[in-house]
Structure formats: C-alpha cells, structure tokens
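The values are calculated or read from the model by the stated rules, or taken from the named source; none is laboratory data. Since this is a predicted model, take the numbers as computed values, not measurements. Ideal geometry is used to build each Cβ from the backbone, glycine not excepted, and the neighbour counts take in all protein chains shown. What goes into the accessible areas is simple: the full protein's heavy atoms, side chains included, and nothing from ligands, DNA or RNA. Shrake-Rupley method; radii C 1.70, N 1.55, O 1.52, S 1.80 Å.
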Amino acid sequence: MALIFQNLRHVGAVVGGCNLVGFAVTAVCETHKITDLVGVGAFVAAAISLQSKVTGEGLGSRSGNLRLTLLTSAIILWGSRLSSFLFYRVLQLGEDKRLKSFFRAKDEPYLDLSRSFFPVHLASFWAIQALWAWTSLLPLSFLSAVPAKRLGPAAILSLSSLALGIGIESVADWQKYSFKQREREREREGGGGRWCDEGLWALSRHPNYCGEMLTWWSVWGLAAPALTWPLRLISLISPCFVTSLLLYVSGVPLLEKSQNERYGHDPEFQKYLQNTRLLLPLPRSFSLPFSTSKSSGSGTGSGSGSNTDPSEPGKKDL
C-alpha cells in the first residue's frame, strides 16, 4: 500500500510539474502553441519516470513484468504520437480556436472577469489538464506497485483493442487534418466551407474520440487482471473520467456546438447528422444491440419541429 501512495505522489509531482511549467510559459508568453505538447507530453514523462522509479534500472527492465512494460510502452506511444501531432498541427495552422477564450484580447487588462479573466481562467485550464493526466494514469500507478502476473486472454484482448484504439485515433486525426488543409486551400480560391465527412468521418462524427475512449478502457483492461478488486474498482475512475470528459465536457459538446453554428443551416449537414453515428465508425446498416431508435427530426436548431437533437450524446446511435 505504501508503494501505491508513493507512485501516486510521484505521478502527481511529474504531471503537476509539467503543467505548472506549461502554465508559466503560456501565461508569460501569452501563447497556446505548447499547450497540447506539454499537457499530453506529461503522460509520457510520468510513464517513463514511474517505470524508471519502480525498476531502478530504466524502461522495461523489471524482470518478468511484461504486462507493466507493455502498458508503459503503449502509453508512451499514445502520448508521443498525440502530443507531436497536436504540436505540428498548431504550428501549421497558427492557432487553436478551442483555447482563444483563455487568453487576453488586444488591449484587454489582466483579471477582467467580463472577458478572459486572464491568467486565472488559464490556470484553471492547466489544473484540469493535470488532473486529467493524473487520473488517467491510475491503472499504471497501481500496476507499478503490484507483483507481476502472467498475461491471460483478457490481457491479449485488451492489447488488441488498445492497438485498435490508438490506430483509430491516429488515422482519424490525420484524415481530418488533411481534409481541413484542403478546405483551407479551397477557401482561398473562394470555395470550401465544408465539414469533414471522409474516411472514418463518413462513418462517425467523432472517430478520434472513439479511439481515445477505447484506448483508455483498454489501458484499464490490461492492468485490471493483475490488481486486487478494490484497486480495479478505484482505477476504473480512469476510463470513466476520460469518457465523461470527452462525451459531456470538452470533446463532443464543443465540436458539435461549433459545427452546428457553422453548418447548421445546410440541409446536407443535417442529413450527415441524421445518417452518421456519434462515435463508433461503423456503417448504419450494422445493427447494435444497444442502439436507440433513429431520430425522426431533420434539424437541430430551434423551431425545427424535432423532439430530439442528433447533436447531443445519447440521442443517437453510438
């Protein structure tokens, strides 16, 4: 038990330190370009640091604990890929519209409650980002404190779904980025202005979030068989937190709102909403046992005459 608390404190110190430095740099320089690089990079730093602490010899050297090595390596792979992609994207695009509200506008004073409330609002963002990393890494923190256990069928299944989750998120991210780049070119020529509906995005409105959720449920699934029941239940907070964050706070709701504001007037977009799953990148013809009935409305705006909103999580098939 003492080792568990040591691991939790260690991960908290690494994650907290990374995000504190990130906050300081972004507050002083008033730039958001390193936000995702540092925020997601904190996962990588904590995973490497924790593994080194536990083994005393470096990544993967703990004799016999293949499960720990695989889990640590998967988190490093996920974090390295995502942080580098997001950093590359913001460098190419020049800004991240999601984060503009956390920074001062031109001639805006500090601590303006009626506007960005900079830098207090920004500090709260970094604090939540640190909490996200620390909570998500609970399975790794616990697994690093228990004896090694041989991999079984559940672990193999979790490894497979973990690889699938990282793959889906990676492909979806690149497909949307490539699509947006082409749209930017078309907009310069007087065209463009369309939502991404190619590749995985033709099957799902949020395939990247689907991949991320699958990744963290798989992380838990890989660690859980080696944990005691109390630790399994506590570590379940990790995938539940990630899922709740993406479905109800910072992921799906923000993007759905942004797209509805921009494309909601377009009948083709309304058709896309009606005919495309919220998360799972599967054809509509593929029936799911937990699917809800298809919405009969054709619009998402006020006055559309629909009693259901296809842009809200839970109102449409996953």
Of these, 124, 80, which one is out of contact with any Leu (no Cβ under 6 Å at 6 or more places or on another chain), polar (S, T, N, Q) and free of Cβ contacts under 8 Å to residues at least 12 places away in the same chain? 124
Check off (1) at pLDDT below 95; (2) surrounded by 18 or more Cβ atoms within 10 Å (Cβ to Cβ); (3) under 20 Å from the mean Cα position of the chain (by Cα) for residue 51 and give me the number that stays unchecked. (3)
Single condition residue 236 does not satisfy, out of (1) of a type outside the set (Ser, Thr, Tyr); (2) under 19 Å from residue 139 (Cα atoms); (3) open to solvent by less than 10 Å² (accessible area, probe 1.4 Å): (3)
How about region 239-258: which of its residues are open to solvent by 20 Å² or more (accessible area, probe 1.4 Å), more than 22 Å from residue 139 (Cβ to Cβ) and touching a Ser or Thr at 6+ places or on another chain (Cβ under 9 Å)? 253, 257
Helices (runs of 4 or more DSSP H) contained entirely in region 99-192, each with at least 1 residues that are of a type in the set (Val, Ile, Thr) and either within 30 Å of residue 269 (Cα to Cα) or touching a helix residue (DSSP H, G or I) at 6+ places or on another chain (Cβ under 9 Å) (or both): 120-136, 153-188
Considering only residues that are more than 25 Å from residue 37 (Cβ to Cβ) and open to solvent by 50 Å² or more (accessible area, probe 1.4 Å), look in region 56-69 and name the one that is modelled with the highest pLDDT. 66
Would region 103-113 turn up any residue that is more than 23 Å from residue 215 (Cα to Cα) and among the basic types (Lys, Arg)? yes
Search region 259-289 for residues being open to solvent by less than 60 Å² (accessible area, probe 1.4 Å) and without any contact (Cβ under 8 Å) to a residue 60 or more places away in the chain, and hand back the single one that is nearest to residue 137 (Cα to Cα). 288
Region 97-118 residues that are over 19 Å from residue 23 (Cα atoms) and open to solvent by less than 100 Å² (accessible area, probe 1.4 Å), paired with ones that are at pLDDT 85 or above and assigned to a helix (DSSP H, G or I) (beta carbon under 7 Å, 6 or more apart): none
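Rundown of residues vs (1) surrounded by 15 or more Cβ atoms within 10 Å (Cβ to Cβ); (2) touching a residue at least 60 places away in the same chain (Cβ under 8 Å); (3) of a type in the set (D, E, K, R); (4) more than 25 Å from residue 69 (Cα to Cα), yes/no style:
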| position | (1), (2), (3), (4) |
| --- | --- |
| 9 | no, no, yes, no |
| 13 | no, no, no, no |
| 22 | yes, yes, no, yes |
| 26 | yes, yes, no, yes |
| 30 | no, yes, yes, yes |
| 37 | yes, no, no, no |
| 41 | yes, no, no, no |
| 44 | yes, no, no, no |
| 47 | yes, yes, no, no |
Going through region 119-158 one residue at a time, which ones are of a type outside the set (A, V, I, L, M, F, W, C) and surrounded by 14 or more Cβ atoms within 10 Å (Cβ to Cβ)? 119, 121, 129, 135, 136, 139, 141, 144, 149, 158
So which residues in region 80-96 are modelled with pLDDT of 95 or more and among the basic types (Lys, Arg), if there are any at all? 81
